[in-house]
1. How much length is gained on full extension from Y188 to S424, taking 0.36 nm per residue of separation minus their Cα-Cα distance?
2. Around N264, under 15 Å between beta carbons, what's the net of Lys plus Arg minus Asp minus Glu among the other residues?
3. With only alpha-carbon pairs counted, each pair once and no self-pairs, how large is the Kirkwood hydrodynamic radius of region 197-287 in angstroms?
4. Using all C-alpha to C-alpha distances in region 87-168, build P(r) with 5 Å bins and read off the rounded percent in each one.
5. Size of the dipole of the chain about the Cα centre, Lys and Arg at +1 and Asp and Glu at -1 on the beta carbon, nothing else charged, in debye to 20?
6. After finding the eigenvalues of the alpha carbon gyration tensor for the chain, what semi-axes result from the square roots of 5 times each, listed largest first in whole Å?
7. With r defined as the distance between the Cβ atoms of Q267 and A245 and R0 fixed at 25 Å, what FRET efficiency is calculated, to the nearest 0.05?
8. Name the GluC sites (Glu not before Pro) in region 192-275 that are in a loop by DSSP and that have at most 14 other C-beta atoms within 10 Å, would you?
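Read-outs throughout are calculated quantities, based only on the coordinates presented, and are distinct from any laboratory measurement. This is a predicted model, so every value here is computed, not measured. Glycine gets a Cβ as well: all are built from the backbone with ideal geometry, and neighbour counts include every protein chain shown.
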Amino acid sequence: METFDPAELPELLKLYYRRLFPYAQYYRWLNYGGVIKNYFQNREFSFTLKDDIYIRYQSFNNQSELEKEMQKMNPYKIDIGAVYSHRPNQHNTVKLGAFQAQEKELVFDIDMTDYDDVRRCCSSADICSKCWTLMTMAIRIIDRALKEDFGFKHRLWVYSGRRGVHCWVCDESVRKLSSAVRSGIVEYLSLVKGGQDVKKKVHLSEKIHPFVSKSINIIKKYFQEYALVDQDILENKESWDKILALVPETIHETLQQNFPKYHNSLQRWEYLMKAISLQDSTKNDKCGPYLEWEIMLQYCFPRLDINVSKGINHLLKSPFSVHPKTGRISVPIDLQKVEQFDPFTVPTISSLCRELDAISINDEGKEGNEAESDIKRRTRENFFLNASKMLIIMHGLHNLDYKKTSLAPYIKVFEQFLENLDKSRKGELLKKSDLQKDF
């Protein structure tokens, strides 16, 4: 993968916003078919510029206006906010208290740093293939629940560009949800609770909710390879002490004596499960019937940023934004290929711009090899003289430049998501018209 130099970002962004950003698809998404008046116009965008200059309450009349502003400002980061009662760029002219966030997609933000107490390979902003499995499990668990438990149809999962994933739930009914309902949904999806000082963060009651058992079924597919091999969670005393803090003290001594006799985490886990099964759960609150599940959940279950999800006016990084530290594009994730998604193969702005250069050189080479008649050559020269026409044509061509780059498959995933949104919207409109005919 192309190395990214942050010093080159200002120049690279100019090219990216001029030739690669998928404006048409982006507008198609946030305009939602233009069914609701001023829906796009009342949407807040925020731009972070060079040197952390932060501009909130940006709003635009149409795709063309958004495009012009982005190409003028070349933002380092784009955030999307709520749809407001009035145009965000006129919020200062509105009577105090009248400017209100009215709708927004239900969003989820899952960040790898929230797993630092349970991952051993990396910490802070660093990620690797060993811990990325946590994001794979998070997508599988949360997406299953959103689809099956809540019946939400339109879920766009996006890589953040560095160390996490975001989810945008875009169903029309979901966009209208109150903050209280959003809080309830996040609460339902949260099992790991407690800050740094709390050692045991998962407590299951005797009556297991289907959401828990279905989540465990997903974790089981990954647990051995992820936790016992890649993370090696019982490798040495330091690592197994963290697990012992979650089990009854009555078996600590036995485990400490016997763990060294086993060769690896797989064998120690098997021994631990036997030791737990011999405990009388009625006499020990730390040894409930689901202790094995509680440990698995603590090490593998998704950790959501509750505040991001419950606030309607909360901003979230936009898809196709560029991460200023890694240079990676914030790309949609194909739900059919979650296991194959590799953050390290996601195109960077540097690699995409090099691809554009290579395409230009290749095209020039092809042209040079072709024998052209004088008439063709003269026609071409006249064509280049017509500057205004050329600009229009080039603008159209530039909008298709991404198709020749490694960004293309990710935009295809986005287009498939939009296609499903369109179909659903048309279906709803047909239903409404049929109901009206019945009266």
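1. Working: separation 236, 0.36 × 236 = 84.96 nm, distance 2.64 nm.
Length gained between Y188 and S424: 82.3 nm.
2. -1
3. 14.4 Å
4. 3, 12, 20, 15, 12, 11, 10, 9, 6, 3, 0
5. For the chain, the charge dipole is close to 1200 debye.
6. Numbers: eigenvalues 448, 165, 75 Å².
Result for the chain: semi-axes of 47, 29, 19 Å.
7. So the FRET efficiency works out to roughly 0.75.
8. Values: sites: E206, E225, E235, E238, E249, E253, E270; in loops: E206, E235.
Passing both the DSSP loop test and the Cβ count: E206, E235.
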